[in-house]
Amino acid sequence: MHDLMTASQPRRREGAPLALTALTTAVVTTAAGFLIGGRWALPALNALAVYPVYIGLIMRGRMRQALVLALLWALFLSQAVIVATYFFPERAETVIWRAEEYRNEMFDWVATGGGAESSPSQFIPMQLRDFAVFSVVCFLTVGLGGLVMGAMLLNYMNFYVGSLVLGAQRPVATLLLAWQPYALVRVAAYILVACALTELAVALLRRRRLPRRVKSWMALGVAGIFIDILVKSAIAPLWSRLLSWASGL
């Protein structure tokens with residue numbers, strides 16, 4: 001028992017700075033992006049603030065810590081954008097890329113159950129295209145472009161969540177349901193792939209041996225993309241009805 005407790009202490013010491021970095025960069029850059037304005041400022045700031053720590057961890061071979069940092073960053077960024085959208089909805093609509101388009105599309109899906117979200121023949125090609133573009137950009141930019149794209153995707157998804165909660169009849173239930181479970185799987189899959197491809201790019205640039213975990217993480221990420229597609233195909237119509245009940249749309 002003593003050995004287990006001793007082993008867990010370094011992990012806690014590592015986790016606290018990573019969490020603080022993720023929280024600080026997410027909150028500060030979201031606030032700065034809302035103040036500065038412009039649809040490109042927000043995701044650029046979101047990514048540029050956390051990238052030096054992220055790439056530094058990977059270059060030192062601390063890939064697991066880089067993964068934890070990226071996951072925490074995505075979590076805190078989501079919370080920051082949802083809160084900002086809830087309190088400043090008009091400003092959020094002007095500074096978040098694709099905000100209005102995505103919100104209207106998802107509101108229609110919640111209200112009717114129709115649209116691309118419930119149609120595999122429509123969403124599968126789009127999701128595979130987005131994943132392919134993300135992967136190429138992430139590799140070619142040694143992870144930075146992946147963080148920018150990830151911030152863009154998270155921001156407009158969280159704008160929809162904040163907007164839905166803002167006018168909901170049951171705001172707590174809406175908040176708990178608004179992030180569909182398959183979308184959570186998708187985000188985790190993207191982050192796994194991003195970390196693997198960043199490590200691959202660094203290994204090639206430095207001409208060093210590629211760790212085995214890169215292949216494992218890449219495989220897990222790709223598997224997550226297909227799990228997302230399968231689960232979404234199965235439950236998206238049901239999920240829209242749950243959200244319709246919670247939100248009142």
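The values are calculated or read from the model by the stated rules, or taken from the named source; none is laboratory data. Just so it is clear, the structure is predicted and the values come from calculations on it, not from any experiment. When we count neighbours, we look across all protein chains shown, and the Cβ atoms used for this are built from the backbone with ideal geometry, even at glycine.
Among Ala246, Ala194, Ala219, Ala203, which is the only one that is at pLDDT below 95 and among the small types (Gly, Ala, Ser)? Give the steps one after another, and end with the answer.
Values: Ala246 fails: at pLDDT below 95; Ala194 fails: at pLDDT below 95; Ala219 fails: at pLDDT below 95.
Matching residue, one of Ala246, Ala194, Ala219, Ala203: Ala203.
Out of all the residues in the stretch 99-123, which are closer than 20 Å to Gly167 by Cα and of a type in the set (D, E, K, R)? Don't jump to the end; show me each part of the working.
Narrowing the stretch 99-123 to residues closer than 20 Å to Gly167 by Cα: 99-113.
Answer for the stretch 99-123, where residues must be closer than 20 Å to Gly167 by Cα and of a type in the set (D, E, K, R): Glu100, Glu101, Arg103, Glu105, Asp108.
Taking the stated definitions as given, is Phe134 touching a Phe, Trp or Tyr at 6+ places or on another chain (Cβ under 8 Å), farther than 19 Å from Ala116 by Cα and among the aromatic types (Phe, Trp, Tyr)?
Working: touching a Phe, Trp or Tyr at 6+ places or on another chain (Cβ under 8 Å): yes; farther than 19 Å from Ala116 by Cα: yes; among the aromatic types (Phe, Trp, Tyr): yes.
Yes.
In the list Glu105, Glu117, Glu90, which residue meets the criterion of being surrounded by fewer than 14 Cβ atoms within 10 Å (Cβ to Cβ), more than 16 Å from the chain's Cα centre (by Cα) and of a type in the set (D, E, K, R)?
On the way: Glu105 fails: surrounded by fewer than 14 Cβ atoms within 10 Å (Cβ to Cβ); Glu117 fails: surrounded by fewer than 14 Cβ atoms within 10 Å (Cβ to Cβ).
From the options Glu105, Glu117, Glu90, the qualifying one is Glu90.
Please go through the stretch 97-117 and pick out each residue that is farther than 19 Å from Leu177 by Cα and of a type in the set (Asp, Glu).
Glu100, Glu101
Read through the list (1) among the aliphatic types (A, V, I, L, M); (2) assigned to a helix (DSSP H, G or I); (3) closer than 25 Å to Ile235 by Cα, then give the number of the only condition that Leu200 fails.
Unmet for Leu200, out of (1) among the aliphatic types (A, V, I, L, M); (2) assigned to a helix (DSSP H, G or I); (3) closer than 25 Å to Ile235 by Cα: (3).
Among the residues of the stretch 73-84, is any free of Cβ contacts under 8 Å to residues at least 40 places away in the same chain and either β-branched (Val, Ile, Thr) or surrounded by fewer than 20 Cβ atoms within 10 Å (Cβ to Cβ) (or both)?
Filtering the stretch 73-84 for residues free of Cβ contacts under 8 Å to residues at least 40 places away in the same chain gives none.
No, the stretch 73-84 contains no residue that is free of Cβ contacts under 8 Å to residues at least 40 places away in the same chain and either β-branched (Val, Ile, Thr) or surrounded by fewer than 20 Cβ atoms within 10 Å (Cβ to Cβ) (or both).
If we scan the stretch 207-220, do we find a residue that is farther than 19 Å from Leu153 by Cα, in contact (Cβ under 8 Å) with a residue 12 or more places away in the chain and either crowded, with 22+ Cβ neighbours inside 10 Å or β-branched (Val, Ile, Thr) (or both)?
Yes; the residues of the stretch 207-220 include at least one that is farther than 19 Å from Leu153 by Cα, in contact (Cβ under 8 Å) with a residue 12 or more places away in the chain and either crowded, with 22+ Cβ neighbours inside 10 Å or β-branched (Val, Ile, Thr) (or both).
Is at least one residue of the stretch 5-19 within 22 Å of Thr85 (Cα to Cα), buried (at least 16 other Cβ atoms within 10 Å of the Cβ), at pLDDT 95 or above and small (Gly, Ala, Ser)? First the steps, then the outcome.
First pass over the stretch 5-19, keeping only residues within 22 Å of Thr85 (Cα to Cα): none.
Within the stretch 5-19, not a single residue is within 22 Å of Thr85 (Cα to Cα), buried (at least 16 other Cβ atoms within 10 Å of the Cβ), at pLDDT 95 or above and small (Gly, Ala, Ser).
Looking at the stretch 21-35, I want the residues that are modelled with pLDDT under 95 and have a partner that is among the aliphatic types (A, V, I, L, M) and not in a helix (DSSP H, G or I) with Cβ atoms under 9 Å, at least 6 apart or on another chain. Which pairs are those?
none
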